[in-house]
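Trainee: Structure provided below as C-alpha cells; questions to follow.
Derivation of every value follows stated rules applied to the coordinates shown; laboratory data play no part. Predicted, not measured: the structure shown is a model, and the values here were computed from it. Note that each Cβ is placed from the backbone with ideal geometry, even for glycine, and that neighbours are counted across all protein chains shown.
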Amino acid sequence: MLRSLSKLPLGARPWAPQARHVAVLRHDWTRAEVAEIYHQPLLELVYQAAAVHRSGFFDSKEVQQSTLLSIKTGGCGENCGYCSQSQSFKTAVKPTPMMKVDEVLEAARKAKDAGSTRFCMGTAWRGVGQKNSFQHILTMVKEVSSMGMETCCTLGLLNAERAKQLKEAGLTAYNHNLDTSPEHYPNIVSTRTYADRLETLANVREAGISVCCGGILGIAETEEDRIGLLQTLATLPEHPESVPINALVPIEGTPLGDRQIAMGKGVTWRDMVRSIATARIVMPHSMVRLSAGRMEFSQEAQAMMFLCGANSIFTGDKLLTTANPKFSEDAAMFEVLGLKGKKPFSGNTAHLRPAELKDEDLAQPADAAMMAAARARGEGPREVAF
Ligand code: SF4
C-alpha cells in the first residue's frame, strides 16, 4: 500500500500536497526535504505521520514494551555532557561493578513475566575492554535469547569481531545512538567522534545484528540539529530497525543537565511530536521508540506521540539511572488508548528470530488481564531492581 499510494498523482491523494512525502521507503532524503516535513503545521505533520503508520507495515495498535537494565553502572571514561554516569562529572551516581550473570537473568525473567518482549542490557564504558566481561555478556545474551525475548545490548564502541560474536550468541539488536547532528556532536562529547559512532554502526550492520540508533532532545541543539540527526539516520545504508527518541532528563552535575535546570524549561511535547512524526515519515519501517523522559509528558501528550508513530516504550520503574512511569500507569494508559503489547520477532524483527525458538517459547506481550491486575494493585508486577 505504501508504494501504491506514492504512485498516485498528488491531486488524487486526500492529504496532498504534503502527501508527496507519505509512504516512501527512501535512503536519499535531503536535509531540505526532511526540514520541509518537520516544519509543517503541527497537525498536518501528525496527520501525515499517522497515515504512514497506518499504511500496512505495522499494526498501529501495537506498542512494544521493552526493559532496559544497567548491568554496569557509572565510572564511564567518556564525557557525554548529558550523562550522570560519566566519571568526568560529579553526580549522585556511584560506580558499581558489572552485575553477575545470574542477577541479570533473574531480572530478564521478571521482565518477561511482566510482558516485556525485548530486554536491553547497558554498560557505562567506552567499549568492551576486558575479555572476561565480554564473555559474561555473551552468556547473558545467549541465555536471555533462549527465553524468547528480543535481546539488545548497548556497550559502546564495538569492533567487527566482537559484533560477530554477539550475533553468534543470539543478539537481536545493538543500540548506539548518534544523539544529534554531525555538526553539534563535538559540543556534546569530546572523547570520541561521530565517525567512531558510524563505524560501530557499520560493524553491527555487517554482523547481521539490527541497529537501534536515535537521539536526544534537550541537549542544547537547534531544530536544524534535530533535522540533521533524522536525515543522517534516514540516509544510512539501511534504516535503523529501531529509532529511540529521548528527552533529556536533566541530572544535576552534568553540563547539559545543569544548563536545562538553570533555564527552567525542558523538552516540550511539541518537540517530541515533531521529531517522532518526522522519524515515522522518513523511516516508515523502523520502530520509533518513545524512550527517556516520558515522566515529563502527560498521557494525552504520549497519546499524540503514539498516534503519529511511536510504537515502543520502556516499562519498569527505572530507565538506566532515571525514573520511569510505573507499569500500572502504563497499563491504564494502554487500556484507555486501546493499545496492546507487541510480540517479539514480529514486523521488522521477524527475520531475526533464532531458528531454534518455537512459537511456544516466545515471550508473550502483556495482555489485558495482566495490565488490569497491575492497575488494580497500583503497582508494577515486576520488581526488577535497576
Ligand atoms: S558512553 Fe554512555 S555511559 Fe559513558 S558517558 Fe557516554 S552516555 Fe554515559
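Trainee: Please give the residues of region 57-77, grouped as numeric ranges, whose backbone N is less than 14 Å from a label point set 7 Å along the Cα-to-Cβ vector of L25.
Mentor: Answer for region 57-77: 57-58.
Trainee: So, R0 is 51 Å and r is the distance between the beta-carbons of D113 and E36; what FRET efficiency does that work out to, to 0.05?
Mentor: It comes to 0.65.
Trainee: Would you kindly compute the Cα radius of gyration of region 49-201 and its largest Cα-Cα separation (Dmax), both in Å?
Mentor: 16.8, 48
Trainee: Gap in Å between the Cα centre of region 36-97 and the Cα centre of region 187-212?
Mentor: Cα centroid of region 187-212 versus Cα centroid of region 36-97: 16 Å apart.
Trainee: Once you compute Rg and the Kirkwood Rh from C-alpha atoms, what is the Rg to Rh ratio for region 182-272?
Mentor: Answer for region 182-272: 0.99.
Trainee: Nearest-5 percent of antiparallel DSSP beta bridges in the chain?
Mentor: Bridges in the chain that DSSP calls antiparallel: roughly 5 percent.
Trainee: Report, in listed order, any pair from K94/K142; K112/K142; K72/K164; K112/K340 with a Cα-Cα distance greater than 18 Å.
Mentor: Table pairs above 18 Å Cα-Cα are K94/K142; K72/K164.
Trainee: Also, I was wondering about something else. Would you please put 99-112, 262-275, 281-294 in order of how densely packed they are, using the mean number of other Cβ atoms within 10 angstrom per residue and starting with the highest?
Mentor: Most protected by this proxy first, the peptides run 281-294, 99-112, 262-275.
Trainee: Can you figure out the FRET efficiency of K94 with H285, using R₀ = 45 Å and their beta-carbon distance, to the nearest 0.05?
Mentor: The computed FRET efficiency comes out at 0.65.
Trainee: Report, in debye and to the nearest 20, how large the dipole of the chain comes out about its Cα centre when Lys and Arg carry +1 and Asp and Glu carry -1 on their Cβ.
Mentor: In total the dipole reaches around 240 debye.
Trainee: Any cysteines in the chain with zero other Cys Cβ atoms under 4.7 Å from their Cβ? List them, or say none.
Mentor: Cys with no partner Cβ under 4.7 Å: C76, C153, C212, C213, C308.
Trainee: Ratio of alpha-carbon Rg to the 2.2 N^0.38 Å globular estimate for region 129-256, to two decimals, please.
Mentor: Here the Cα radius of gyration is 1.11 times the empirical estimate.
Trainee: Right, next: Grab the Cα-Cα distance for R259 and D59, subtract it from 0.36 nm times how many residues apart they are, and report the gain in nm with one decimal.
Mentor: Answer, rounded to one decimal: 68.1 nm.
Trainee: Now for a separate question. Treating the Cα atoms of region 92-168 as identical point scatterers in vacuum, please give the log10 of the normalised Debye intensity I(q)/I(0) at q = 0.13, 0.22, 0.27, 0.28 Å⁻¹, two decimals.
Mentor: Each listed q corresponds, in turn, to -0.40, -1.07, -1.42, -1.47.
Trainee: Restricting things to alpha carbons, tell me how big region 64-377 is in terms of Rg and Dmax, in Å.
Mentor: Computed over the Cα atoms of region 64-377, radius of gyration and Dmax are 18.2, 53 Å.
Trainee: Same structure again: Output the peptides 32-44, 353-365, 215-227 sorted from most to least packed, where packing is the average of other Cβ atoms within 10 Å over each peptide's residues.
Mentor: Numbers: 32-44: 15.9, 353-365: 13.7, 215-227: 21.6.
Highest mean packing first, the order is 215-227, 32-44, 353-365.
Trainee: Quickly estimate the mean residue ellipticity at 222 nm for the chain, helices only: each DSSP H run with n ≥ 4 gives -39500 (n - 2.57), and the total goes over all residues, rounded to 500.
Mentor: -11500 deg cm²/dmol
Trainee: Turning to a different aspect of this structure: Of T67, T172, T30, which has the largest mean-square fluctuation in a 10 Å C-alpha GNM of the chain?
Mentor: T30
Trainee: Of the listed peptides 342-348, 183-189, 307-313, what is their order by residue-averaged count of other C-beta atoms within 10 Å, with the highest listed first?
Mentor: Highest to lowest by the protection proxy: 307-313, 342-348, 183-189.
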